[in-house]
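In what follows, a single structure is set out as structure tokens and then discussed.
The values are calculated or read from the model by the stated rules, or taken from the named source; none is laboratory data. All values derive from a computational prediction rather than experimental measurement. Backbone-built Cβ (ideal geometry, glycine too); neighbour counts: all protein chains shown. What goes into the accessible areas is simple: the full protein's heavy atoms, side chains included, and nothing from ligands, DNA or RNA. Shrake-Rupley method; radii C 1.70, N 1.55, O 1.52, S 1.80 Å.
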Amino acid sequence: MASLRSQVEPGRYGPWAVITGGSEGVGRSFALRLAAAGIHLLLVARRPDPLEATAERCRTFGVEVRTLATDLAQPAAAQAVTHAVSDVEVGLLVHNAGANTHSAPFLDGDSAAFQRVIDLNVTTPLALTAHFGRAMRTRRRGGILLVGSLAGYLGSRQHTVYGGVKAFGRIFAESLWLELRDHDVDVLELVLGVTRTPAMERVGLDFDIPGMPVSDPDDVADEGLAMLGHGPVHIVTGHERLAAQRNDPDRAAAVLRADRTMRRLIGLPAPERA
């Protein structure tokens, strides 16, 4: 982590950073690295206990750490986040929160639950990006790192809404990068593949499928911070081949090929129709 001091300078990306989903997994790894670089933190997550545990670990680096336990799918979430750092200067936004909180076939799912997926992955990050991005543009420095997913590269079973919002996120990041690059504000979407996080372990993903790349949260955070000034999009190392396959112009072949892997990943039987 010490090597990141030269890459993540408090003078450019500080003195404060906001990390959503900052309690465990990739968010925790981001938090520890930024704290080691001397940047103060607001950590935001839904569950207070792991949030406080990560905050205490970050404080050992001598930085100030605030926490906010809130559900980022709620309408008032963005306002709560911005209020928590209204008295300090935020030079970096890391929007890491963004799970598929309602994995269900679209026609069988709950409309309100799907709306939560949209709010968590689109509504709240757009509000936070607008608030912090305007101040960064005025100061002509700062960074916005949005964590994306390979799920946004093609349609996927039980990811009808989640895949759609992640596809939106990538196009949004590319567009924002264009708009802010002349104002010296860095924008990056960091595209994750399968990553060995506590959340993924809790849902029972099979990480041992032969040939499937699996990332470590610490490696993901290292790579994301190293690539922050090289936007607009960076695919985590090891997952580039999957991204290329998912950009196959034969969309039926690409979707069906990925579906076979997804079924194995989440424990569904093989399809009746090949």
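Does anyone have the angle between helix 251-266 and the longest principal axis of the chain? Alpha-carbon axes, 0 to 90°, nearest 10?
That helix lies at roughly 80 degrees to the long axis.
Using a 10 angstrom Cβ neighbour count of at most 12 plus a DSSP loop assignment to flag exposed trypsin sites (Lys or Arg not before Pro), which longest range of the chain is free of such sites?
Result, exposed sites excluded: 1-139.
Could you tell me the extents of region 98-229's C-alpha atoms along the three principal axes, largest first, rounded to whole Å?
For region 98-229, the Cα extents along the three principal axes come out at 45, 34, 23 Å.
For the chain, find the longest principal axis of its Cα atoms and tell me its angle to the long axis of helix 160-180, 0 to 90°, nearest 10.
The two axes meet at around 40 degrees.
Rounded to the nearest 20 debye, what is the charge dipole size of region 98-252 about its Cα centre when +1 sits on each Lys and Arg Cβ and -1 on each Asp and Glu Cβ?
For this selection, approximately 540 debye.
Give the calculated FRET efficiency between Arg241 and His183 to the nearest 0.05, with a Förster radius of 35 Å applied to their Cβ-Cβ distance.
My answer for the efficiency is 0.50.
Kindly sort Ile19, Ile235, Ile171 by accessible area of their heavy atoms, largest first, with the probe set to 1.4 Å.
Output order, biggest surface exposure first: Ile171, Ile235, Ile19.
Using a 1.4 angstrom probe on the protein heavy atoms only, could you order Thr237, Thr197, Thr67 from most to least accessible area?
Output order, biggest surface exposure first: Thr237, Thr67, Thr197.
Using a 1.4 Å probe on the protein chains only, how many percent of the accessible area of region 208-262 belongs to carbon and sulfur?
55 percent
Find out how many positive minus negative residues lie around Val81, taking Lys and Arg as positive, Asp and Glu as negative, among other residues whose Cβ is under 12 Å from that of Val81.
Counting the neighbours of Val81, the net charge comes to 0.
Per the helix-only calculation at 222 nm, which mean residue ellipticity applies to the chain, given -39500 (n - 2.57) for every DSSP H run of n ≥ 4 and division by its residues, nearest 500 deg cm²/dmol?
The helix-only estimate for the chain comes to -13000 deg cm²/dmol at 222 nm.
Can you tell me the accessible area per residue over the chain, all protein chains present, probe 1.4 angstrom, in square angstrom?
46 Å²
Could you tell me what a quarter of the Cα convex hull surface of the chain works out to, in nm² with one decimal place?
For the Cα atoms of the chain, the hull's average projected area reads 14.3 nm².
Considering only protein heavy atoms, with the full assembly of protein chains and a 1.4 angstrom probe, order Phe114, Phe168 by accessible area, largest first.
Descending order: Phe168, Phe114.
What do you get for the angle between helix 48-59 and the principal long axis of the chain? Use alpha-carbon atoms, 0 to 90 degrees, nearest ten.
50 degrees
Would you mind telling me the share, in percent, of accessible area of region 72-150 contributed by carbon and sulfur at probe 1.4 angstrom?
Its accessible area is 54 percent carbon and sulfur atoms.
Just check region 21-91 against the gyration tensor rule for me: Cα atoms, a ≥ b ≥ c as the square roots of the eigenvalues, rounded for a/c under 1.5, and otherwise prolate or oblate depending on whether a/b exceeds b/c.
The shape class here is oblate.
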